[in-house]
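Since the structure comes first, as structure tokens, the remarks are kept for the end.
The values are calculated or read from the model by the stated rules, or taken from the named source; none is laboratory data. Everything numeric here is computed off the predicted structure, so don't read it as measured data. Heads up, the Cβs are rebuilt from the backbone with ideal geometry, glycines too, and the neighbour counts pull from every protein chain shown. Keep in mind that these areas ignore ligands, DNA and RNA; they rest on the heavy atoms of the full protein, side chains included. Shrake-Rupley method; radii C 1.70, N 1.55, O 1.52, S 1.80 Å.
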Amino acid sequence: MARNRFFVEKIEDEVSLTGEEFRHAKNVLRLNAGGEVTLLDGSGKEYSAIVTKVEKGRLVLNVLSEKDSDREPKTKVYLLVGALKGDKTELVVQKAVELGAEKIGVFSSAFCSAYMNENKLERLRRVSHEAAKQCLRTTAPEVFYFETLDGALKSADGYENKLFACEFAKKSEKELLPLSGSCALVVGSEGGFQREEFSYAKELGFLGVSLGKRILRAETAAISMLSVVMYGLGELR
Ligand code: SAH
């Protein structure tokens with residue numbers, strides 16, 4: 001499969017690349033007629049395609065073949081992280097996609113001082129797409145924003161393991177290794193959590209997890225917790 005990968009809405013015999021994907025293909029990768037690419041439609045399949053025409057604002061491709069990919073994780077892992085300052089949330093989204101997160105929720109909470117808007121959320125979604133292509137995934141995890149911790153926690157209903165990394169948890173109520181079944185992981189922002197937030201999460205069925213005696217930066221906590229969980233689920237082997 002060709003290394004240049006593009007997400008498209010729908011696969012048909014003839015597919016058009018427009019918008020951002022078109023600009024990237026034309027201006028950055030300088031693709032011309034005859035160029036080979038891999039198309040992705042988020043279904044888990046990869047499609048081999050060839051550029052047949054370069055038009056104004058559109059690249060036309062012919063799909064040649066399709067194959068199933070085995071690069072998507074077998075277990076669903078949902079990462080929920082507090083909105084971080086600067087470009088830290090982007091960093092976490094990028095790493096979470098590489099590590100195999102199924103989807104990512106960003107939330108605001110009592111001690112959270114970063115804000116979110118449509119542009120930032122759009123940027124996070126682009127980061128997810130780019131990371132998915134770079135690490136050869138076939139789906140780009142969705143990125144959601146929750147204005148409240150409550151909304152974020154409730155979005156994890158139904159996950160078999162609901163784990164809440166808490167900087168003041170004395171010990172883990174659930175060991176991360178070994179682990180099986182779908183997981184929702186919650187990590188706070190730079191400001192951390194209020195005691196009441198932790199108690200409320202427990203009422204909703206979350207188990208407190210300690211990541212050790214040192215206080216990790218939020219991005220370190222999110223990436224390391226996800227790495228350990230993915231390892232435990234057999235994904236990093
Ligand atoms: N401002 C807080 C620290 C927040 S760290 C303080 O000064 O205490 C950001 C987030 O990373 C936390 O909310 C938690 O989810 C996670 N985290 C960091 N270190 C942790 C640890 N040792 N155990 C569990 N979670 C941790």
Of all accessible surface on the range 152-237 at a 1.4 Å probe, what whole percent is carbon and sulfur?
51
Filtering trypsin sites (Lys or Arg not before Pro) in the range 57-86 by DSSP loop and by at most 11 other Cβ atoms within 10 Å leaves LYS74
GLU190-ARG23 pseudo-label distance in nm [points 7 Å out on the Cα-to-Cβ vector]
2.9
Using a 1.4 Å probe over the heavy atoms of the protein chains, calculate the carbon and sulfur portion of the accessible area of the range 5-68 as a whole percent.
43
Take LEU216 and GLU72, extend 7 Å from each Cα along the Cα→Cβ direction, and tell me the distance between the two endpoints in nm.
2.7
If each of GLU14 and ASP157 carries a label point 7 Å out from its Cα toward its Cβ, how far apart are those two points in nm?
4.7
At a Cα cut-off below 21 Å, give the lysines reachable from LYS171, other chains included and same-chain residues fewer than 8 away excluded.
LYS162, LYS202, LYS213
Pairs of Cα atoms under 8 Å, at least six residues apart: use those to get the relative contact order of the range 5-68, whole percent.
37
With the other protein chains left in place, how much accessible area per residue, in square angstrom, belongs to the range 95-156 at a 1.4 angstrom probe?
44
Over 28 Å (Cα to Cα) - which of LYS56/LYS95; LYS45/LYS88; LYS26/LYS76; LYS154/LYS174; LYS74/LYS133; LYS53/LYS133 fall in this group
LYS56/LYS95; LYS45/LYS88; LYS26/LYS76
Within the range 87-169, list the trypsin sites (Lys or Arg not before Pro) lying in a DSSP loop whose Cβ has at most 14 other Cβ atoms in a 10 Å radius.
none
With N residues in the chain, Rg(alpha-carbon) / (2.2 N^0.38 Å) equals 1.12
Within the chain, what's the longest stretch lacking chymotrypsin sites (Phe, Trp or Tyr not before Pro) that sit in DSSP loops with no more than 14 other Cβ atoms inside 10 Å?
1-110
If the chain between SER182 and ASN32 were fully extended at 0.36 nm per residue, the gain over the current Cα-Cα distance would be 49.7 nm
On a C-alpha basis, how far is the centre of the range 71-93 from the centre of the range 174-193 in Å? Whole number, if you could?
12
